[in-house]
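The values are calculated or read from the model by the stated rules, or taken from the named source; none is laboratory data. All of these numbers come straight from a predicted model, not from anything done at the bench. Cβ: placed from backbone, ideal geometry, glycine included. Neighbour counts: every protein chain shown.
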Amino acid sequence: MIKRIRQKMVVFDLDGTLIDTAPDLFYSANEVIKDIIKVDIDYEVSKKFIGWGGEYFIKRNLKQNNINLSQEKIDNLIKKFLVIYEDNISKRSKLYPGVAEIINELKQRNFILNICSNKPEKLAKLILTDFSIIQHFDQVIGGDTLSQCKPNPLPLLKLMNDHNIKPKDTIMIGDTTTDILTAKNCNIRSICVDFGYFNEKIDGVDPDYWVSDYNRVIEIINEVF
């Protein structure tokens, strides 16, 4: 009897996990709201607002600077922000060390690789293309791809369903509580990188593994699978 080899899937977050996108997000946000707050927004504080989508990113930066605007004005700011960001999406951003190597190794070992991000799908695909790694991913799910985004389980459940992969054969790699929650909501393992934009600690919400580099990620994947 031929033994069937179970396929395994690794799902990556994007911002703060594969690519350090904060510099271009920060630049774009500054361009949009600099005339309102009159000073540059705080870079280190602003990084903590990444991971929940563009609207959250802009709203939290406004709140951080005690700026109250109508929803209509906020919506206009978000539209301007997305236009500026699209034009600057990969000018200052960079791949984290080890990303190209881990993607190549996992593909050579026939892992299914996917992206699950809260970035708009169009922008996620654009930056992955700019960094010449989009061809390695079977699917790219963005924050606007489905009716729900992370931490709702729908995006991950869709990926597992589309590839007929069980939770035990799936692992999520991210950098924020959003990613950890998404994995927990789907009953899959999670790896959290500590070099991204981890925003807040929620009691009882911990990843299965913390890592500081992608060499350790490979070790964990070897242990798990």
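Looking at region 162-222, what strands (runs of 3 or more DSSP E) fall wholly within it and have at least 2 residues that are free of Cβ contacts under 8 Å to residues at least 24 places away in the same chain? It comes to 189-193, 209-211. Would you check if Ile171 is within 19 Å of Phe225 (Cβ to Cβ), at pLDDT 95 or above and of a type in the set (A, V, I, L, M)? The answer is yes for Ile171. Any residue that is among the hydrophobic types (A, V, I, L, M, F, W, C), under 21 Å from Tyr209 (Cα atoms) and at pLDDT 95 or above - is there at least one of those in region 131-149? Checked region 131-149: no residue is among the hydrophobic types (A, V, I, L, M, F, W, C), under 21 Å from Tyr209 (Cα atoms) and at pLDDT 95 or above. Does any residue of region 139-158 turn out to be under 17 Å from Gly51 (Cβ atoms) and part of a strand (DSSP E or B)? For region 139-158, residues under 17 Å from Gly51 (Cβ atoms) and part of a strand (DSSP E or B): present. If you scan region 124-144, which residues turn out to be buried (at least 21 other Cβ atoms within 10 Å of the Cβ) and over 21 Å from Gln7 (Cα atoms)? Hits for region 124-144 are Ala124, Ile127, Leu128, Gly142, Gly143. I'd like to know if region 7-14 contains one or more residues that are closer than 19 Å to Lys91 by Cα, outside the structural domain of Ile133 (by TED's automatic domain parsing) and within 19 Å of the chain's Cα centre (by Cα). Within region 7-14, none of the residues are closer than 19 Å to Lys91 by Cα, outside the structural domain of Ile133 (by TED's automatic domain parsing) and within 19 Å of the chain's Cα centre (by Cα). Taking Gln148 as the residue in question, decide whether it is free of Cβ contacts under 8 Å to residues at least 24 places away in the same chain and either assigned by TED's automatic domain parsing to the domain that holds Val217 or loosely packed, with under 15 Cβ neighbours inside 10 Å (or both). So Gln148 fits the description; yes. Here the helices (runs of 4 or more DSSP H) wholly within region 15-117 that include at least 2 residues being outside the structural domain of Met172 (by TED's automatic domain parsing), more than 19 Å from Glu200 (Cβ to Cβ) and not basic (Lys, Arg) are 22-37, 71-87. Cβ-Cβ distances below 6 Å connect the following pairs, each with a first residue in region 45-73 that is free of Cβ contacts under 8 Å to residues at least 60 places away in the same chain, a second residue that is among the aromatic types (Phe, Trp, Tyr) and surrounded by 15 or more Cβ atoms within 10 Å (Cβ to Cβ), and a separation of six or more residues or different chains: Ser46/Phe26; Phe57/Phe49; Ile58/Phe81; Arg60/Phe49.
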